[in-house]
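Below is one structure; the comments refer to it alone.
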Amino acid sequence: MMLKRLSLLLAAFFLLRVASATEPVGEIERRIAALEGVCETKALPAGPYEAKFEVMLTQPVDPRRPERGTFRQRVVVMHVGWDRPTVLVTQGYDANLALREKYRDELSAYFDANILFVEHRYFDRSTPEPCDWRYLTAENSAHDLHRIRTLFGELYGGKWIATGVSKGGTTTMLYAAYYPDDVDIYVPYVGPLCTAREDPRFGPFLARVATPAEREAVRGFQTELFRRKERLMPEFRARCAAKGLEFRLPVEEIYDYCVLEYAFSFWQWGLEPDRIPSSGAADRELFDHFVSVSGPEYFAAEGPLTPFFVQAARELGYYPYDLEPFRGYASIESTDDYLRRIFLPEELRRTRFSKGLCRKITRYLKRNDPRMMLVYGGDDPWTAPGAAWAATPGKRNLCLYVEPGGSHLTRIATLPDSMRREALATLRGWLDAE
């Protein structure tokens, strides 16, 4: 009887909370639209939220010199309640993922939190006009986040969590380094901190990933693709033509780069070695698997990832390819500096790489102990230049979780049970702390 009464009491309390939190969607939108700089709001299907909006916000192109103009930045707002925690997604790319009706960040699901999903400057709807690449910098992107956090903090008074995946995870860390007092908690997933345009740490990592037999299976498939290049090239050309792809290098060389990319993509996305076709498989089976993992679309001269490659060449860094095992097959003589040659527009070919961003983040993580949870995949190549080193025994807050055998898709939800429970308990403790 006592348990029944307690259950009824809790149920009544929950219903009362829901009823009191419910607010007309129009009123929620009105309050958001009234924020300084908001120039457009559009209601979206709410999915698991009370309300959801696509918001355009006016931002300075150059925060240090506002007279140089403005651009409009997209923020997708997913509203649960004004008093709930808020997850600030420091997206490294466009915001189209967040437009899906069923989208929900795992932290929002775990903690019943609002989401502000911030599209990175120079991507999709957040591209300045004209597109002056000088202002695509990490520091400027951190300022974008700071201003968004400041404005929406007028509405959302609960705890704030900054989080991002991959390049977004790096953005979470740089945001912490530039504005360490903005939010309460940081959860960067699979975020690299590269020290060079083509960071040398990837090679040794890939030489040890998984098991020797699995690595040999991947390399054997790459070798078979080189051996059959003459037979597969007509289909490769046809695919490029059908998709209207144009490249900055001859298509024969693009084929070679796709073969080299295969190993990196294979481990990045955690594919199973038993999916690899055997050396006796038909050309069609080989080709279909090949392009499903590392197709030529990635190397196209123009595409939605161009802003990322500009950032990679300047501040973020990237990975090299190991050509040595395939010297007898490949038509390219060297992959040195391939990032600039393949991915950058002609006017940006002289771009130099700066280690300043990596040094700033490294210095911040070494000297401070933020409430930051680093999450990486054990077999993900991007773990090689990750910030796992920052979780030293002397840190009381900053912590690390690495999923054994995990890929770039590693999240808290994919961690082993004991790790996941510990991670969630840590986050809950931080959210409950005064």
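The values are calculated or read from the model by the stated rules, or taken from the named source; none is laboratory data. Fair warning: this is a prediction, and the values are worked out from it, not measured in the lab. All Cβ positions, glycine included, derive from the backbone under ideal geometry; neighbour counts span all protein chains shown. To get the accessible areas, we keep the full protein, side chains included, count just its heavy atoms, and leave off ligands, DNA and RNA. Shrake-Rupley method; radii C 1.70, N 1.55, O 1.52, S 1.80 Å.
So which of 212, 192 ends up being surrounded by fewer than 19 Cβ atoms within 10 Å (Cβ to Cβ) and either free of Cβ contacts under 8 Å to residues at least 12 places away in the same chain or within 19 Å of the chain's Cα centre (by Cα) (or both)? Write out each step before concluding.
Values: 192 fails: surrounded by fewer than 19 Cβ atoms within 10 Å (Cβ to Cβ).
After ruling out the rest, the residue left standing is 212.
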Search the stretch 42-53 for residues that are free of Cβ contacts under 8 Å to residues at least 60 places away in the same chain and pair each with any residue that is open to solvent by 60 Å² or more (accessible area, probe 1.4 Å) and aromatic (Phe, Trp, Tyr) when their beta-carbon atoms are under 6 Å apart and the residues are at least 6 apart or on different chains. none
Hey, any hits in the stretch 385-408 for a residue that's in contact with an Asp or Glu (Cβ under 8 Å, 6 or more places away or on another chain), part of a helix (DSSP H, G or I), open to solvent by less than 20 Å² (accessible area, probe 1.4 Å) and closer than 21 Å to residue 104 by Cβ? no
For the stretch 331-343, give me each residue that is touching a helix residue (DSSP H, G or I) at 6+ places or on another chain (Cβ under 6 Å) and part of a loop (DSSP other than H, G, I, E, B). 331, 332
For the condition within 18 Å of the chain's Cα centre (by Cα), of a type in the set (A, V, I, L, M, F, W, C) and not in a strand (DSSP E or B), what is the one hit in 151, 174? 174
Can you tell which of 304, 277 is open to solvent by less than 50 Å² (accessible area, probe 1.4 Å) and in a loop (DSSP other than H, G, I, E, B)? 277
Mind checking whether some residue in the stretch 183-199 is within 26 Å of residue 402 (Cα to Cα), outside any helix (DSSP H, G or I), out of contact with any helix residue (DSSP H, G or I) (no Cβ under 9 Å at 6 or more places or on another chain) and not aliphatic (A, V, I, L, M)? yes
The stretch 74-88, residues that are closer than 20 Å to residue 45 by Cα and open to solvent by 10 Å² or more (accessible area, probe 1.4 Å): 80, 82
Out of the residues in the stretch 126-140 that are open to solvent by 10 Å² or more (accessible area, probe 1.4 Å) and in a loop (DSSP other than H, G, I, E, B), state the one that is nearest to residue 40 (Cα to Cα). 127
Hey, among the residues in the stretch 107-125 that are acidic (Asp, Glu) and within 21 Å of the chain's Cα centre (by Cα), which one's least open to solvent (accessible area, probe 1.4 Å)? 119
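Here is a check on your reading of the model: is residue 364 in a helix (DSSP H, G or I) and either of a type in the set (Ser, Thr, Tyr) or over 23 Å from residue 264 (Cα atoms) (or both)? Let's see the steps before the verdict.
Details: in a helix (DSSP H, G or I): yes; either of a type in the set (Ser, Thr, Tyr) or over 23 Å from residue 264 (Cα atoms) (or both): yes.
Criteria met by residue 364.
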Among the residues of the stretch 369-377, are any within 21 Å of the chain's Cα centre (by Cα), surrounded by fewer than 17 Cβ atoms within 10 Å (Cβ to Cβ), closer than 19 Å to residue 265 by Cα and not hydrophobic (A, V, I, L, M, F, W, C)? no
If I go through the stretch 41-61 residue by residue, how many of them are open to solvent by 30 Å² or more (accessible area, probe 1.4 Å) and of a type in the set (Asp, Glu)? 1
Any idea which of (1) crowded, with 21+ Cβ neighbours inside 10 Å; (2) out of contact with any strand residue (DSSP E or B) (no Cβ under 6 Å at 6 or more places or on another chain) is the one residue 185 doesn't satisfy? (2)
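To keep it simple, each residue is scored yes or no on (1) among the basic types (Lys, Arg); (2) open to solvent by less than 30 Å² (accessible area, probe 1.4 Å).
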| position | (1), (2) |
| --- | --- |
| 204 | no, no |
| 227 | yes, no |
| 232 | no, yes |
| 243 | yes, no |
| 246 | no, no |
| 250 | no, no |
| 254 | no, yes |
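Condition check ((1) without any contact (Cβ under 8 Å) to a residue 24 or more places away in the chain; (2) surrounded by 20 or more Cβ atoms within 10 Å (Cβ to Cβ); (3) closer than 30 Å to residue 180 by Cβ; (4) over 21 Å from the mean Cα position of the chain (by Cα)) across all residues:
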| residue | (1), (2), (3), (4) |
| --- | --- |
| 291 | no, no, no, yes |
| 298 | no, no, no, no |
| 313 | no, yes, yes, no |
| 323 | no, no, no, yes |
| 328 | yes, no, no, yes |
| 344 | no, yes, no, no |
| 355 | no, no, yes, no |
| 358 | no, yes, yes, no |
| 362 | no, no, yes, no |
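Just to check your reading of the model, which residue among 37, 92 is on the phi > 0 side of the Ramachandran plot, open to solvent by less than 30 Å² (accessible area, probe 1.4 Å) and either touching a residue at least 60 places away in the same chain (Cβ under 8 Å) or within 22 Å of the chain's Cα centre (by Cα) (or both)? Show your work before the answer.
Numbers: 92 fails: on the phi > 0 side of the Ramachandran plot.
None of the others qualify; the one that does is 37.
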